[in-house]
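A.B. asks: Following this message is one structure expressed as structure tokens.
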Amino acid sequence: GFSGLSWALMSKAVTNLVRCQCIAVDIRGHGETKTTDESDLSIETLTNDICQILHYLFNEENKTPIFLIGHSMGI
């Protein structure tokens, strides 16, 4: 699959237009991400992974607004 680097040009353009931070996440099976179970690509697992990342980055102390964008789940 593609990696978070696929968003590099768009991230640069967005951050030139507005004051923000772009974070491109490589989900399981993409980029160089390693997990304990490479075969589990269920929507439940992928959703849980993203939720854990968001909770880590945007916890109770960090109430920064977020804008999520994604690209193709192949479904």
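The values are calculated or read from the model by the stated rules, or taken from the named source; none is laboratory data. None of the values given here were measured: they were computed from a predicted structure. Using ideal geometry, Cβ is built from the backbone for each residue, glycine included, and neighbour counts are taken over all protein chains shown.
A.B. asks: Could you please let me know if Asp49 is loosely packed, with under 10 Cβ neighbours inside 10 Å and of a type outside the set (A, V, I, L, M, F, W, C)?
C.D. replies: Working: loosely packed, with under 10 Cβ neighbours inside 10 Å: no; of a type outside the set (A, V, I, L, M, F, W, C): yes.
No.
A.B. asks: Do you know which residues across segment 55-75 are more than 19 Å from Ser3 (Cβ to Cβ) and surrounded by 10 or more Cβ atoms within 10 Å (Cβ to Cβ)? Working first, answer last.
C.D. replies: The initial filter retains those residues of segment 55-75 that are more than 19 Å from Ser3 (Cβ to Cβ), namely 55-56, 58-67, 75.
Residues satisfying the conditions are His55, Phe58, Ile66.
A.B. asks: Pairs only if they're at least six apart or on different chains, beta carbon under 6 angstrom, first in segment 20-38 and surrounded by 15 or more Cβ atoms within 10 Å (Cβ to Cβ), second among the aliphatic types (A, V, I, L, M) and assigned to a loop (DSSP other than H, G, I, E, B); list them, first residue then second.
C.D. replies: Arg28/Leu41
For (1) within 23 Å of Val14 (Cα to Cα); (2) at pLDDT 85 or above; (3) among the hydroxyl-bearing types (Ser, Thr, Tyr), each residue gets a yes or a no:
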{"residue": "Gly31", "(1), (2), (3)": "yes, no, no"}
{"residue": "Lys34", "(1), (2), (3)": "no, no, no"}
{"residue": "Ile50", "(1), (2), (3)": "yes, yes, no"}
{"residue": "Leu54", "(1), (2), (3)": "yes, yes, no"}
{"residue": "Glu60", "(1), (2), (3)": "no, no, no"}
{"residue": "Lys63", "(1), (2), (3)": "yes, no, no"}
{"residue": "Phe67", "(1), (2), (3)": "yes, no, no"}
{"residue": "Gly70", "(1), (2), (3)": "yes, no, no"}
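A.B. asks: Test Glu44 against the criterion of being at pLDDT 90 or above and exposed (fewer than 10 other Cβ atoms within 10 Å of the Cβ), and give yes or no. Break it down stepwise before answering.
C.D. replies: Working: at pLDDT 90 or above: yes; exposed (fewer than 10 other Cβ atoms within 10 Å of the Cβ): yes.
Yes; evaluated as a whole, the condition is true for this residue.
A.B. asks: Here is a list of conditions, (1) assigned to a loop (DSSP other than H, G, I, E, B); (2) surrounded by 10 or more Cβ atoms within 10 Å (Cβ to Cβ), and Lys12 meets all of them except one; can you say which number that is?
C.D. replies: Unmet condition: (1).
A.B. asks: I need the full set of residues from segment 56-72 which are closer than 21 Å to Ile27 by Cβ and part of a loop (DSSP other than H, G, I, E, B), in order please.
C.D. replies: The first filter runs over segment 56-72 and keeps only residues closer than 21 Å to Ile27 by Cβ, leaving 56-59, 66-72.
Selection gives Phe58, Asn59, Ile66, Phe67, Leu68, Ile69, Gly70, His71, Ser72.
A.B. asks: Related question: Quick one: would you say Cys22 is modelled with pLDDT of 80 or more and part of a loop (DSSP other than H, G, I, E, B)?
C.D. replies: So Cys22 fits the description; yes.
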